[in-house]
Structures are given as C-alpha cells and as structure tokens.
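**Q** My questions will all concern the structure given below.
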Amino acid sequence: MVNQDNQGLQENRVFAPPAEFVANAAISGMDAYNKLCAEAAGDYEGFWARLARENLDWHKPFTSTLDESEAPFYKWFADGELNVSYNCLDRNLKNGNAGKTAIIFEADDGKVTRATYQELYEKVCKFANGLKSRGIKKGDRVVIYMPMSIEGVAAMQACARIGATHSVVFGGFSAKSLQERIIDAGAVAVITADEQMRGGKHLPLKTIVDEALALGGCTTMKDVIVYKRTGGNIPFVEGRDTWLHDLVDAQPAECEPEWVGAEHPLFILYTSGSTGTPKGVQHSSGGYLLWAALTMKWTFDLKPNDVFWCTADIGWVTGHTYIAYGPLAVGGTEIVFEGVPTYPNAGRFWETIDKHKVSIFYTAPTAIRSLIKAADVDPKVHPKNYDLSSLRLLGSVGEPINPEAWMWYYKNVGREKCPIVDTFWQTETGGHMITPLPGATPMVPGSCTLPLPGIMTAIVDEAGQDVPNGQGGILVVKRPWPSMIRTIWGNPDRFKTSYFPEELGGRMYLAGDGAIRNKETGYFTITGRIDDVLNVSGHRMGTMEIESALVANPIVAEAAVVGKPDDTTGESICAFVVLKQARPTGEEAKKLALELRNWVAKEIGPIAKPKEIRFGDNLPKTRSGKIMRRLLRVLAKGETITQDVSTLENPAILEQLKEAS
Ligand code: WTA
C-alpha cells in the first residue's frame, strides 16, 4: 500500500486496493476494469444487452436494446417485459435464498426484527393483494410517506409487484410539500404510519397526511393506508383511512406479479432544481433495476455472506437504489435502520456495525464529520472503542467528502484495510456513475476517481467542447445509459431544457455539477453544483424554493438565499430578508428570524430551515434590478468583497448585510 503520511492532506496520496480484495473482487484489477470499458466502447448496445440478460430475469426477452428515435427520451430494452419485485423476491426463492435473511430491522430503540426472503415475499404479496383489493392497479400512482421499516420497503415492493408507480416522500417534508407531491403525481393513495420514532421522539406522520389532504386539491386521492408503528392515538377518517393490518392480514400470501414493459415507470421521486417547484424524476423498471443490481456487484462487490448497511432514508434516491431494490435484487442481507446516528449516543453506528457484523457500510460525509466532532467531545464514542472487524468495505455518498474526513473514515472505521468507494451520482442517474471499484481502482482521498464501465462521462465548456484534463468545466454524460431519468413527470419540456440543453447540442446529459480531471490520472473531482441547488447534509435543496417559501410569509417583502460553507453539513442555508416593516435589530430581529425559520419548516420541512437569517433595508441589486447573489455568497462567508461593485444600484447595503442584524 502506498501511503506517504508526510504529504499534506490536499495532495494526491494514493491508496491501492488491498491485495486480498483484488483477489476476490467482481471487477478484479484495472485490467478487468479497462476490459469492460473497452467492451462498452466497442459495442455499446451489445455490452448493455449482455448485462441486462445476465443480471435480470425477463418474462419476455427484449429484442431492442437502445431506442434513440425520440431522443432525448431514450428507451432501453423497450419490448422486454419483467417485474421488479419478481426479480427481488421470487427469484431469490428459486435461487435457494428462501431462508436467508433479507432484512435486519434495527429500530430506534435497538429492538431487532428480521425477515427472510420467504417472509418478505409473503409480506409483499399480502400487501400487493391488499392494494389490489382497494382497486389500486397498474399505472396508478401511490405516495409513500413512511418511516424506515420493513413495511416501508414492502410498500415499495408491493407497488412494483402490481405495476403501480410509487412516489416516496421523505418523512421530514411538511404537509404542504406532501400535498404538492400528491397533486403533481395525481396519487390515488397514501401509505403512511401512525408515527415514526427518531432519537427517542415520536414524530407524527398520519397527522401530517391529514393536514396535507385538508389543504385541498388532492382530487385523485381515495385511500390512506396506515401502518401501526407505535400505536399512538391518531384520528381516523371513516371510509378513507384503513389500518394496514386490517387490509393485508387476511390476504393470500401469493400474488401473481404484473408483468410490465421495461420502460414502465417504477417510481417518481421529487428532487430540487435551480428553478421552480421540485421535479418529479421518473425512472424505468428494466434499466433502473439493471443498474441497481449491477452496481451492488461492481461498486459494493456484494458477496453472499455480506451484511450490507446503507444508512440513507427510503425517502431519498440512495434509499431507493441501495435499500429498497439493489440489495434485494442480488440476494443480499441488509440492515434497515430506523434511528439517528446520535441516539442513544454518537457511537450508535459503530455499535450497530458490531451488533450485526456489518461488512459493507455506506453513509454520507455529513454523518462522518458530525461523528468525528462527537468523538472529539466524548472519546467513549470514538470508533476505536468498538469491534469493527467485520467491515471490509466503506462507501460515501451525497456530497463531496473532504480528504480529512476520508482519512478519518479510512483509519478509524476501516482500520486501513477497507477500501472506500466515494460514489458520485444523482437522483436522476438512478445509480452510481463515478466511483472507485474496491478491487481495482487506486484511491485518492476526495476524488470519486473514474466512471463505471459503460458510463460516458466527460467535462466540457459552455459550448459543449471537451476541456483538457487539469481544466475545470461542466460534467456531462455523452451517451444515454439504462438507469437514467426518463422524463420529469408531467413536464417533458422541462426535462429537455434541464438535462439536454440546446446550448450543449441537445444530446448530452447535463449533471448540474462542475468537475475537473487530474492531469496525470484522469481522475474526476466534483467541484460542486453549477446551478442554484444547495447541498445541505447531503440533501438537495433549491434556493428558489426556500426564497418562495420566505416571501409567502405576509411580513416578507423580498428574500435571497445562498449557500455558506459549513464544516459539518457541507453547506448551510443563509437567507437575506427584507421585511415589509422597518428592518428589525437586536431582540426583535432574533424573534422574527426564529419565526421565519419555523415558517420555512412548515412550508417545506425542517431540513430547509435557514441556519442564518440577515435582515436588510434592501438587497444588493444591479441597476436593472437583478439581485447580486454572487456578492451575497461572499457576505455569507464573512469575506470581504473584492469585486467591482460600481454597477450596483445601492452599494451601501453591503455594509448592512455584513453580519446578522
Ligand atoms: C452531489 C444523491 C461529490 C452532487 C445520490 C450531485 C456528490 C448531488 C457526490 C445529487 C459525491 C452526490 N461527490 N458530490 N460522491 N454524490 N453528490 O440527487 O452535487 O440527492 O449533483 O443524489 O449530490 O444529489 P441527489
């Protein structure tokens, strides 16, 4: 292993994959990687067709691999038919995995529940039959607003089994956000729970569903199905609400899967863009599942005895691909964790890894950074105090991992024997795009290294021309790939303009991130979003959404939101606000800031609360009235403005906005 400790953290220290890993890996050594890349480059469609035949069970084999006739609305394996839940469940019963543990559920309070593949299969079939008994059928949309639970995964699988398209809404979103998603998706049902448990606290879910529906406009909604998680006392609406157990307990434990075309929409997942309301990212069945399964094998090198733990929530794409679908599609054993990393103390992750002998651990840099801090404060929760010898591979997702956090993770959690896969991808890409392969790629802290075989990433300038290595630019994908976004639900025009802009020729997928490739190695480093999307604790948020929420408050005249670098959360939200009343100061400003933060929590959800609010008499604007966000970003950081401000209408305002009111 090459490890030159005397070099600075920002330098290109290289960590070779451990030899024993290379020996057994699915993609073993760089030659194997290069061979796959060459296969894709030589016969792109043949490459994907081979993988789709080898990795999925097709009810009706496909004859067409890639259909570009309606580009950029690409179709993959379009005349093939399959069922996603069949591939995740029935297939495992046939492969001799019936008695194997599929899910280990670790509740907030540490209670453990297990489900074998046979048990999960029966649960999902009953669930699917229950949905059918309510008249829910192929093509209907179902919103899932569930806590982390076996039932949450079963709800997704049950929708897939009957061909209903699910849209999972993260439990941290407000009633209003939930209502907007129900309306946009035209959902016929919501599956929820009475309450969820997080960090010892009871959080209402059903009550928020009631509030969302009371806001009105959900004209397509007929059913609310409620999983009893805590037994908390919640109101019930006769005729509309059903307990999950009442719906499913008496159902048969078999349910013939609904065979769907490969392009059938498996799910819609809302995510933030730079403008407007959240976009309903629509994913396919065949292409999506292929990549979910294949990246489990390639990136995570999943073996039959592994215990895989992805700490994401099913409300985000990571929880879709690497909890609800990927691990099951390859017959893995996985942890589904209800709680939070800091309850009952900040050693929870390490304790849980030991408790369940987790071998592959996948989490977000924000969690790592907050646990580094926690271990500094309380040495008892340092990972060195736990037996982590079961670990063989670590992963990172959702935001750039800074080299310091990478090194800490590598040394203290992986004990210098576990490769780290720094996986770059997005809601829209369906699965990993750029990542080291644990048995092949030499790792460099802070770099997601190289694209997976078949993924044609490149860096271009604003005219769509390739830029040389060493020069930053715009990250694009030059060829369609099977698990890519198919459209924005109900808004194909927005799909085209957001992801296949004419300025880049209309055929390159625009990721929305900046990137740079290393001059010597060609390794990619993501330099951050190039649009108005923030990444706070690995959660994507549009500045416009937060601004709209703020100006919806009757006391607010104007608002501008920018990201500010944050040691723990990556970025934090800083809002500059002009009130209709005189600019508040002192206690009054504090009180109003608190009020506005709570307001944003109600409008969008607690995750969108600005960390800081600064009040001004005005915002810095050009003479044509454009808000100068660039300057606001400098002010938020607490740096001095060095740019020319002579074009500003009101340069004096900068002084006022320098610090909190
Ligand atoms: C960022 C999460 C650097 C990036 C799977 C991207 C990353 C956005 C990484 C997508 C990484 C994700 N290194 N940045 N390894 N992974 N990002 O849709 O800005 O919630 O565009 O998907 O997160 O966030 P999303």
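The values are calculated or read from the model by the stated rules, or taken from the named source; none is laboratory data. Everything quoted here is computed from the prediction, not taken from an experiment. Here the Cβ positions follow ideal geometry from the backbone for every residue, glycine too, while neighbour counts run over all protein chains shown. Please note that ligands, DNA and RNA were not included when accessible areas were found on the heavy atoms of the full protein model with its side chains. Shrake-Rupley method; radii C 1.70, N 1.55, O 1.52, S 1.80 Å.
**Q** Can you give the accessible area of Asp567, probe radius 1.4 Å, in Å² rounded to 10?
**A** 120 Å²
**Q** With +1 on each Lys and Arg Cβ and -1 on each Asp and Glu Cβ, and nothing else charged, work out how big the dipole of the chain is about its Cα centre, in Debye to the nearest 20.
**A** Values: 70 positive and 79 negative charges, 102 e Å.
Value, rounded to 20: 480 debye.
**Q** Here is a follow-up. Which value, in debye to the nearest 20, describes the size of the charge dipole of the range 432-517 about its Cα centre when Lys and Arg Cβ atoms bear +1, Asp and Glu Cβ atoms bear -1, and nothing else is charged? Kindly include the intermediate steps, with their values, before the conclusion.
**A** Working: 7 positive and 7 negative charges, 68 e Å.
Around 320 debye, computed over the range 432-517.
**Q** Which residues does the label zone of Lys222 cover in the range 228-260, counting backbone N under 18 Å from a point 7 Å along Cα→Cβ?
**A** 237-244, 247-248
**Q** List the relative contact order of the range 27-127 as a percent without decimals, with contacts defined as Cα pairs under 8 Å and 6+ residues apart. Kindly include the intermediate steps, with their values, before the conclusion.
**A** Working: 95 pairs, mean separation 16.3, N = 101.
This gives 16 percent for the range 27-127.
**Q** If each of Thr113 and Ala463 carries a label point 7 Å out from its Cα toward its Cβ, how far apart are those two points in nm?
**A** 6.0 nm
**Q** On the full set of protein chains, 1.4 Å probe, figure out the accessible area of Arg507 and give it in Å² to the nearest 10.
**A** Estimated to the nearest 10 Å², Arg507 gives 120 Å².
**Q** Still on this structure: Hey, if we sort Glu54, Glu595 by accessible area with the 1.4 Å probe, largest down, what's the order? Show your work: numbers first, answer last.
**A** Values: Glu54 115, Glu595 90 Å².
Reading off the accessible areas and sorting them downward yields Glu54, Glu595.
**Q** Further question on the same structure: Report the FRET efficiency, 1/(1 + (r/R0)^6), for Asn345 and Glu612, where r is their Cβ-Cβ distance and R0 is 22 Å, rounded to 0.05. Numbers along the way, then the final one.
**A** On the way: r = 28 Å, r/R0 = 1.29.
The calculated FRET efficiency here is 0.20.
**Q** Just the accessible area per residue of the range 487-550, please: how many Å² with a 1.4 Å probe? Could the numbers behind the result be given before it?
**A** Values: 2700 Å² over 64 residues.
Using a 1.4 Å probe on heavy atoms only, each residue of the range 487-550 averages 42 Å².
**Q** By the gyration tensor of its Cα atoms, with a ≥ b ≥ c the square roots of the eigenvalues, what is the shape of the range 16-142: rounded for a/c under 1.5, prolate for a/b over b/c, or oblate?
**A** Numbers: a/c = 2.39, a/b = 1.21, b/c = 1.97.
Oblate shape, in that a/c is at least 1.5 and b/c is the bigger or equal ratio.
**Q** Mind jotting down the distance between the C-alpha centroids of the range 169-197 and the range 366-424, whole Å?
**A** Cα centres, the range 366-424 to the range 169-197: 33 Å.
**Q** Using the Karplus equation 6.51 cos²θ - 1.76 cosθ + 1.60 (θ = phi - 60°), what ³J(HN,Hα) coupling, rounded to whole Hz, does each residue of the range 188-195 give in order, writing x for Gly and Pro?
**A** Once rounded to whole Hz, the list reads 9, 8, 10, 9, 9, 10, 4, 8.
**Q** How large is the accessible surface per residue of the range 140-208, computed with a 1.4 Å probe and reported in Å² as a whole number? Please report the intermediate quantities before stating the final value.
**A** On the way: 1300 Å² over 69 residues.
Per residue, the range 140-208 has an accessible area of 19 Å².
**Q** Okay, moving on. For the range 538-661, what does the relative contact order come out to in percent, with C-alpha contacts under 8 Å and a separation of six or more? Could the numbers behind the result be given before it?
**A** Details: 192 pairs, mean separation 30.9, N = 124.
Dividing the mean separation by the residue count of the range 538-661 yields 25 percent.
**Q** Using Cα-Cα distances under 8 Å and only pairs 6 or more residues apart, what relative contact order does the chain have, in percent? Before the final figure, lay out each step's value.
**A** Numbers: 1448 pairs, mean separation 85.9, N = 661.
The normalised contact order for the chain reaches 13 percent.
**Q** Among Thr363, Ala214, Ala78, whose Cα projects farthest towards the positive end of the dipole of the chain, with charges put on the beta-carbon of Lys, Arg (+1) and Asp, Glu (-1)?
**A** Ala214
**Q** I would also like to ask the following. Return the percentage of antiparallel bridges among DSSP beta bridges fully within the chain, rounded to the nearest 5 %.
**A** Numbers: 56 of 95 bridges.
Approximately 60 percent, going by the DSSP bridge assignments.
**Q** Can you give me the C-alpha center-to-center distance between the range 69-93 and the range 537-596, rounded to a whole angstrom?
**A** 43 Å
**Q** Tell me, what is the per residue accessible area of the range 600-660 in Å², probe radius 1.4 Å? Walk me through the numbers on the way to the answer.
**A** Working: 3290 Å² over 61 residues.
Dividing the accessible area of the range 600-660 by its residue count gives 54 Å².
**Q** Using θ = phi - 60° and the Karplus relation 6.51 cos²θ - 1.76 cosθ + 1.60, list the HN-Hα couplings for the range 342-356 in order, rounded to whole Hz, with x at every Gly or Pro.
**A** 10, 10, x, 8, 6, x, 4, 4, 5, 5, 6, 4, 5, 4, 9
**Q** Which percent of the accessible heavy-atom area of the range 510-638 goes to carbon and sulfur, probe 1.4 angstrom?
**A** Percent of accessible area from carbon and sulfur atoms in the range 510-638: 52.
**Q** Place a +1 charge on the Cβ of each Lys and Arg in the range 103-249 and a -1 charge on the Cβ of each Asp and Glu, then give the dipole magnitude about the Cα centre in debye, rounded to the nearest 20.
**A** Working: 19 positive and 18 negative charges, 75 e Å.
The calculated dipole for the range 103-249 is roughly 360 debye.
**Q** OK, next. Please give, to one decimal in nm, the separation of the simple spin-label points placed at Leu594 and Asp644, each 7 Å out from Cα toward the Cβ.
**A** Reported label-point gap for Leu594 and Asp644 is 4.6 nm.
**Q** Moving on. Please report the spacing between the Cα centers of the range 489-517 and the range 303-324 in Å, no decimals.
**A** 28 Å
**Q** Another question, if that's okay. Find which of Leu475, Met544, Val381 sits farthest along the positive direction of the dipole of the chain, computed with +1 on the beta-carbon of Lys and Arg, -1 on that of Asp and Glu, about the Cα centre.
**A** Result: Val381, furthest along the dipole toward the positive end.
**Q** Something else: For the range 528-661, what class follows from the C-alpha gyration tensor (a ≥ b ≥ c being the square roots of its eigenvalues): rounded when a/c is under 1.5, otherwise prolate if a/b is larger than b/c, else oblate? Provide the component values of the computation, followed by the final result.
**A** Numbers: a/c = 1.56, a/b = 1.13, b/c = 1.38.
Oblate, since a/c reaches 1.5 and b/c is not below a/b.
**Q** Considering only protein heavy atoms and a probe of 1.4 Å, how much of the accessible area of the range 350-452 is carbon and sulfur, as a whole percent?
**A** Values: 1600 of 2780 Å².
Answer for the range 350-452: carbon and sulfur cover 58 percent of the accessible area.
**Q** Order 227-234, 317-324, 213-220 from most to least packed using the mean count of other Cβ atoms within 10 Å.
**A** Numbers: 227-234: 16.5, 317-324: 26.2, 213-220: 13.4.
Ranked from most to least packed, the peptides come out as 317-324, 227-234, 213-220.
**Q** What is the extension gain from Gln581 to Asp67, computed as 0.36 nm multiplied by their sequence separation minus the C-alpha to C-alpha distance, in nm to one decimal?
**A** 179.3 nm
**Q** Next question. Could you put His59, His264 in order of accessible surface area, largest first, with the 1.4 Å probe and the full protein assembly present? Mind showing how you got there, number by number?
**A** Values: His59 100, His264 30 Å².
Final ranking, largest accessible area leading: His59, His264.
**Q** Next up: Write out the GluC sites (Glu not before Pro) in the range 479-543 meeting two conditions: DSSP loop, and at most 14 other Cβ atoms within 10 Å of their Cβ. Numbers along the way, then the final one.
**A** Values: sites: Glu502, Glu503, Glu520; in loops: Glu520.
Filter output for the range 479-543: Glu520.
**Q** Zone of Arg507 (label point 7 Å along Cα→Cβ, backbone N under 19 Å): which residues in the range 25-40?
**A** 40
**Q** Taking a ≥ b ≥ c as the square roots of the Cα gyration tensor eigenvalues, with a/c under 1.5 meaning rounded and otherwise prolate when a/b beats b/c, else oblate, which class fits the chain? Numbers along the way, then the final one.
**A** On the way: a/c = 1.38, a/b = 1.15, b/c = 1.20.
Verdict is rounded for the chain.
**Q** Can you compute the helix-only [θ] at 222 nm over the chain? Use -39500 (n - 2.57) per DSSP H run of at least 4 residues, normalise by all residues, nearest 500 deg cm²/dmol.
**A** Mean residue ellipticity, 222 nm, calculated: -8000 deg cm²/dmol.
**Q** Next question, about the same structure. At 1.4 Å probe size, what's the solvent-accessible area of Asp376? Round to the nearest 10 Å².
**A** The accessible area of Asp376 comes to roughly 120 Å².
**Q** If you take every DSSP beta bridge fully contained in the range 379-518, what fraction is antiparallel? Give it as a percent rounded to 5.
**A** Numbers: 11 of 15 bridges.
Within the range 379-518, antiparallel bridges account for around 75 percent of the total.
**Q** Of all accessible surface on the range 116-275 at a 1.4 Å probe, what whole percent is carbon and sulfur?
**A** Numbers: 2660 of 5430 Å².
On the range 116-275, the fraction of accessible area on carbon and sulfur atoms equals 49 percent.
**Q** So which cysteines in the chain don't have a second cysteine's C-beta under 4.7 Å from them?
**A** Flagged as lacking a Cys partner: Cys37, Cys88, Cys159, Cys218, Cys310, Cys418, Cys448, Cys574.
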